[in-house]
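The values are calculated or read from the model by the stated rules, or taken from the named source; none is laboratory data. The structure presented is a predicted model; accordingly, all values stated were derived computationally and were not measured. Cβ: placed from backbone, ideal geometry, glycine included. Neighbour counts: every protein chain shown. The accessibility values were calculated without ligands, DNA or RNA, using every heavy atom of the protein model including side chains. Shrake-Rupley method; radii C 1.70, N 1.55, O 1.52, S 1.80 Å.
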Amino acid sequence: MDDYKLSRFACYLTTMNSNIKKQEVAKAQAYLAKYAEIIVTLQQEAQNIERIELREKLSEEEKNLSGIAKSHKVEKYALFQNAGYVGLYNMSLNQLKKIKGIPQNKVLLDYMNSTELGANIFRITQTAEKIKSENIQGQNNLEKAHKEVGKEVRESMKRMHNKLPKDLPLEEDIKKVKSNLKQTHNKMKKIPKKSNS
């Protein structure tokens with residue numbers, strides 16, 4: 001007889017269409033059904049992995065911008081940061097959180113989708129470039145530059161897909177997404193152990 005090596009998916013199809021009265025088939029079906037459930041979960045969460053990466057990138061870029069702004073004589077970083085939000089959203093961070101229904105004690109960035117996170121990364125990186133290339137100095141000038149860049153990003157988004165950043169839908173809290181991904185990963189690690197018992 002010839003031997004054939006089947007992919008996991010081929011094994012799944014074969015087993016799920018085999019005679020369940022056989023004890024080996026019943027065990028294999030239970031194992032593969034659990035595996036299939038986890039794969040579906042992973043596929044659904046794949047886009048959340050991109051969000052997590054973008055959120056981490058945004059944090060890195062914010063730290064970089066903070067350092068640049070401080071070296072260019074920003075005195076009140078919170079006001080400088082808020083100027084970027086005013087430019088991008090045409091409102092302050094507090095107003096934006098209120099409109100989007102995010103409690104004041106929560107971080108708005110943790111609820112943004114990939115598009116909105118990308119827009120904020122672009123705002124931050126381009127502000128940093130503008131400050132460095134034009135050697136902008138002082139609180140008022142830095143705030144003005146950040147607001148201008150934010151406004152440019154907002155206008156670009158409006159031109160490209162006729163959506164304003166403030167109108168983009170929110171997603172699940174990124175902290176919860178990370179927790180769910182960790183749980184799914186832990187389930188994946190346990191599957192082979194259960195199949196041997």
Exercise. Do we have any residue at all in region 11-25 that's of a type in the set (A, V, I, L, M, F, W, C), part of a helix (DSSP H, G or I) and in contact (Cβ under 8 Å) with a residue 40 or more places away in the chain?
Worked result: no
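This table checks each residue for (1) over 21 Å from Met157 (Cβ atoms); (2) part of a helix (DSSP H, G or I); (3) touching a helix residue (DSSP H, G or I) at 6+ places or on another chain (Cβ under 9 Å).
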position: Gln47; (1), (2), (3): no, yes, yes
position: Arg55; (1), (2), (3): no, yes, yes
position: Asn64; (1), (2), (3): yes, yes, yes
position: Lys73; (1), (2), (3): yes, no, yes
position: Gly84; (1), (2), (3): no, yes, yes
position: Gly87; (1), (2), (3): no, yes, yes
position: Asn94; (1), (2), (3): yes, yes, yes
Exercise. Do you know which residues across region 153-177 are surrounded by 15 or more Cβ atoms within 10 Å (Cβ to Cβ) and in a helix (DSSP H, G or I)?
Worked result: Val153, Arg154, Met157, Pro165, Lys166, Ile174, Val177
Exercise. Pick from Glu56, Glu37, Glu75, Glu61: which is under 14 Å from the mean Cα position of the chain (by Cα) and open to solvent by 20 Å² or more (accessible area, probe 1.4 Å)?
Worked result: Glu56
Exercise. Quick one: what pairs do we get from region 72-90, first residue under 16 Å from Glu129 (Cα atoms), second among the hydroxyl-bearing types (Ser, Thr, Tyr), C-beta under 8 Å, 6+ apart or different chains?
Worked result: Gly84/Thr127
Exercise. What single numbered condition from (1) modelled with pLDDT under 85; (2) surrounded by fewer than 15 Cβ atoms within 10 Å (Cβ to Cβ) fails to hold for Leu32?
Worked result: (2)
Seminar exercise, completed: For region 102-145 the number of residues that are outside any helix (DSSP H, G or I) and either surrounded by 15 or more Cβ atoms within 10 Å (Cβ to Cβ) or without any contact (Cβ under 8 Å) to a residue 12 or more places away in the chain (or both) is 8
For this session: Being modelled with pLDDT of 95 or more, polar (S, T, N, Q) and under 24 Å from Leu65 (Cβ atoms) narrows it down to one of Gln126, Gln104, so name that one.
Result: Gln126
